[in-house]
Amino acid sequence: MALKGDLGTIQLADIFQTLANNQSRGTLVVYDKDSKKRIYFEGGRVTLHSSGTRKALRLGKILLGRKKITRNELDAALKIQEHSREHLGETLVGMGVITREEMNDAVKFQIEEEIYGLFTWKDAHFEFSPDLPTIGEVNRPSETISLSLNVQELVMEAARRADEWQTIAAVIPSIRDVYRHTGKAPKGLATEDLEAEETAELLQLFDGTRTVQEVSNETAYGSFVVCRALAKFIETRAVRLADVKELMEAAERFARIGDIDKCLKLYELAASRAPKDIAVQKAIARTYEQFGKGHMAAAKYNHVGELLLDENNQELAAKYFERSVSIHAADPEVLRKLLIIYSNLDDMQSSIRVGKRLAALYDELGKRDESKSVYEMLLELAPDDIPSRIRLLNIVLDGGQFAEAEIHYEKLAEDYLKLGRTGKAVAVLRKLLIIRPLRNDVRRKIETLLYRESRRKKIKIFAIVGIVALGFMMLAGGYEYKARSLRNELNGAIATAEQNEDYDTVVECYQMIINAYPFSITALQASKEIEEINKKKDLFYGKQIKLLTRSAREEEREGRLENALKVLARLREFAREDGLKQYAEEETARINKYIKETEDLWKLAQKYQSENRLKEVLEYNSKIYWGYPLSRHAKELKFPLLITSLPHGAEVRADGKLLGTTPYVLHYHPSRAPIVTISLPGFAGDRYDVATKVTQPSSEGWKLHVELAKTLRWKFKTSQPVEAPPVVFKKTLILGSRDGNLYCLYTADGRLKWKRRLGLMADVVSQPLLLGGRVYAGCFDGNLYCLDAVGGEVLWSAKAGGMLRAAPTTSEDGSMVFITSDAGKILAIDAKTGEVRWSKSTEAGIVCSAAPWRNKLFTGTLDGTLLCLSQKDGAVIWKRSLAGGVTGTPRVLNGKIYAGCMNGGMLCLDAKSGRESWRYESRTAIRSSPALVDGTLLFGNDGGWLFRLSASDGGLLWRYRFKGAIRATPTISAARGQVVCGATDGVLYALDLEAGSLRWKFRTDSAIYSKVLSHGGRFYFGSNDHHLYSIEE
């Protein structure tokens, strides 16, 4: 089945429904002038391939918005993707940053948003063919989004959205509009789709510079969610449409920092709102011109001229048409408008000038008829314009219009005769005879002219002789001598005036000679000198205008705005033309506005500085620095930077000089931003280039938070994850890994002493047991291994049945080792021989250890049963159902048992009877064992919460949330008053034991399931990045 058509005639939902109902197999292509999307149908499900300029939500942005990844993790994944060329989601899954379920959920959201967007396309086309995608089309991971979706669900959701879009569209006519928040928060920040915090962040993005589409692209919510939230903002008056003035001001700010695309986008939006606003169109034209887009600038200046013509302001319209052709002269239509305007204004000189340019342009374009009509008009305005008549004559000759050429030859000859150029007139008449050889009257006229020219030359010779003779006579009489004497007297004044370019004084001096001795040769020479001086005056005027204009610009560029105003005042006084005077006035007004706006911002910045409101200080100082870089305040302002650290109290140094300790406020000028060092004993120092803060948005640029990492002493790498802590034997550490090996390392530097392979599939995920110089390790292969702690030789092994996931424990006298297996077995093994003393089976698997207390053992099963057994023979003393599986080893203190469950409950039971004393609900699964200290217990859950409860009644003392799930048992460092615990986000957290506040973090490259071992002033723990770490306590 093949389909083809326009979405204007058939609904996309009907197409989807038809293809799905028919179980069609093939490719549906939907496309418009901007983008193309291919949807592959097979078995009633779809996958999507997208290309073009329409921006889809990026997978990385979605995951960032959902807080599944950090910016650093995304950057690292993108670098890996450059080489692997695999899909970003696959890269993140491979890194262990997200799970495949999280990736599929984000990709599903991404595809749904794109397909829902298709249902809003208007002027688009579609085509279906029974061809499936080629290997090349589906094997482009950087372009292809691939995940199957149910067509019926897509169509139903798209229909629901389409109905709601109509309601939204009534409030938000266009996603290309710009809105700005009013500062008023809507009642009930949370919306149908977003939490209150997310809504607040979204509201701040409507800042008067971003379009609705840009806000959608910057968030991970999609355009539908953003527009639905915006509709609520509008209804509650939390945002409003940015007006034309605000759009103009925002565009000017972006122009100052060189963001031409953003600037023009805002200007064009303002122009669409106010299409006849001349100020807007002028601003757009100036911006195009400023950034070298001459063709676009010329078009905009032309549009300004047309708007002024609509207002019947012909003089000002001519100015902008002139500006247009000065930038891009190859537009005859603009020159034609200018010619009409100057004709209406009776400005003959300008009409002739423009007419000649227009005629010459028509000549270049080969438009002879248009060129001819322009030259004819020029000759009506200036009948004696010889160059125009010559060009017109050539045009009519080329066209074979000899009768018309005959008239122009005669008029041209007359024009030459008026100028006394008889030779030129004769040459023209001879050319006339070429096309009209029978014109005898022309021949006679040529003869007459030649005769008269001959006589004139003779008379001229006699006149020259007479004048020379008269001159000699006058010289003899002293007339010329006196004229020369006067000239000599004035030579000094003339030379000084010329040197100072005081041409009016020079003319006055020469005029004195002419007035005193008008018939002298010296006076004749003075007249010629005056002609040359007048030419120099014109040149000097032009030179001065250029000098003043350039000087004003240079003073402004160097930030000397007051000097620039003085130069413009001088230009206004010196200029002859009204246009130049208007230019000087406009520039003066612009600079004064610039100074006033800067002063207003500076006052606000100083006000906030006095109130210690650093965010606002940076915001307004940034506006001055970026928006008004030429002002004097931009050179003297100081950006504030609040430097905080974890832990606090770290030393802050700039260029080696101690400034203080965190929290510390640094004040710096953006052009001289220092390199800051933050350091604290026991932690690795951190260097930070403050210059990077200069380019950040003001919402973040005012603060710098540094998390100092604990000093890493060493780390040891295995080939698989290390999920449990080591045990200490003399000056060594013994640990297991999921690679099936036991390692013995020196505590001082992490060097390997010995390594023992335990067997195939012998993963070690629990802490070994050290007992009498022997080390006991349970493995996934179902064996308990006993090794010599000194050399690592295997002494014996005991088969338990099922995988051993929990750490072995021992009786008080050390004669027996207790182990549990996920096959539901509990065994007592002879510590020396490895013989099984007794074995007990349960109905469900066991993944926690058997906790010994006096003559009893306590353990839990995955079906939620807590067991109390006899250490002697494994007999069940009592058992209780806890309504949730137990995965963490129970702890016993003062006759009480503390056990966490997979249903989120932490329970306290009597050790003798199993009767429940109290229960605390943490709401998410508890997989780790609790830690006990000073009458309290600490434990974590899958929600990332670490709790501290009173051991007596279960009262909550405090809780703190990590960014990852907690699978490890907390470790108490009582001497330092802290508790440390790892999480699945790869971070080791240290909290204050009393207050529950964060002290410091240490980051690894993968999840931490290992408990921390505290020994000799150091912490030792494993990570799923395959390493054992040693850091300072």
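All of the numbers you see were taken from the coordinates with simple rules; none came from a lab. Here the structure is a predicted model, which means the values were calculated and not measured. Note that each Cβ is placed from the backbone with ideal geometry, even for glycine, and that neighbours are counted across all protein chains shown.
So how much slack lies between A13 and S839, counting 0.36 nm per residue of separation and subtracting their Cα-Cα distance, in nm?
Details: separation 826, 0.36 × 826 = 297.36 nm, distance 6.53 nm.
Value of the extension gain: 290.8 nm.
Using the structure shown, select from K262/K282; K703/K1011; K33/K262; K356/K543; K265/K543; K68/K623 the pairs with a Cα to Cα distance greater than 28 angstrom. Provide the component values of the computation, followed by the final result.
Details: K262/K282 17 Å; K703/K1011 34 Å; K33/K262 22 Å; K356/K543 26 Å; K265/K543 38 Å; K68/K623 34 Å.
The answer is K703/K1011; K265/K543; K68/K623.
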| Helix 196-205 vs. the chain, principal-axis angle (Cα, 0 to 90°, nearest 10) | 20
| field | Gain on full stretching of the segment that runs from R1003 to R444 - 0.36 nm per residue minus C-alpha separation | value | 190.2 nm
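Considering only DSSP beta bridges where both residues belong to the chain, give the percentage that are antiparallel (nearest 5). Display every interim value, and only then the final one.
Details: 153 of 159 bridges.
Percent antiparallel among DSSP bridges in the chain is about 95.
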| For S373 and D655, what is the calculated FRET efficiency with R₀ set at 60 Å and r taken between the beta-carbons, to the nearest 0.05? | 0.20
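About the Cα centre of the chain, what is the dipole size in debye to 20, counting +1 per Lys and Arg Cβ and -1 per Asp and Glu Cβ, all else neutral? Can you show the working numbers first?
On the way: 149 positive and 134 negative charges, 424 e Å.
Result for the chain is approximately 2040 debye, rounded to the nearest 20.
For the chain, what does the alpha-carbon gyration tensor say about shape, rounded, prolate or oblate, given a ≥ b ≥ c as the root eigenvalues, a/c under 1.5 as rounded, and a/b over b/c as prolate?
Working: a/c = 3.61, a/b = 2.47, b/c = 1.46.
Verdict is prolate for the chain.
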| query | With each pseudo-label sitting 7 Å past Cα toward Cβ, what's the K543-E994 distance in nm, one decimal? | reply | 8.5
| remark: With R₀ set to 45 angstrom, the calculated FRET efficiency between the beta-carbons of R160 and K276, to the nearest 0.05, is 0.65
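What is the sum of charges around I678, taking Lys and Arg as +1, Asp and Glu as -1, for the other residues whose C-beta is under 13 Å from the C-beta of I678?
On the way: positive: R653, R687; negative: E651, D686, D689, E707.
Charge balance in the 13 Å sphere: -2.
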| query | Rounded to the nearest 0.05, what FRET efficiency do L795 and K638 have when you use their Cβ-Cβ distance and R0 = 56 Å? | reply | 0.20
| Folded to 0 to 90 degrees: helix 223-235 orientation relative to the chain principal axis, Cα | 80
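Rounded if a/c is under 1.5, else prolate if a/b beats b/c, else oblate: with a ≥ b ≥ c from the C-alpha gyration tensor eigenvalues square-rooted, which is the range 174-242?
Values: a/c = 1.61, a/b = 1.11, b/c = 1.45.
Verdict is oblate for the range 174-242.
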| note | Rounded to the nearest 500, the 222 nm mean residue ellipticity computed for the chain from DSSP H runs (n ≥ 4, each -39500 (n - 2.57)) alone is -14500 deg cm²/dmol
| Between 0 and 90°, nearest 10: helix 71-84 axis offset from the chain longest Cα axis | 80
| request: Add +1 for every Lys or Arg and -1 for every Asp or Glu among the other residues with Cβ under 12 Å from the Cβ of G5, and state the total. | output: -2
| query | What is the gain in length, in nm to one decimal, between Q23 and N612 on full extension, counting 0.36 nm per residue of separation less the C-alpha to C-alpha distance? | reply | 205.3 nm
| query | Label-point separation (nm) for D6 and I340, each offset 7 Å from Cα along Cα-to-Cβ? | reply | 3.5
| query | Roughly what would the spin-label model give for A684 and Y481, points 7 Å off Cα along C-beta, in nm? | reply | 10.5
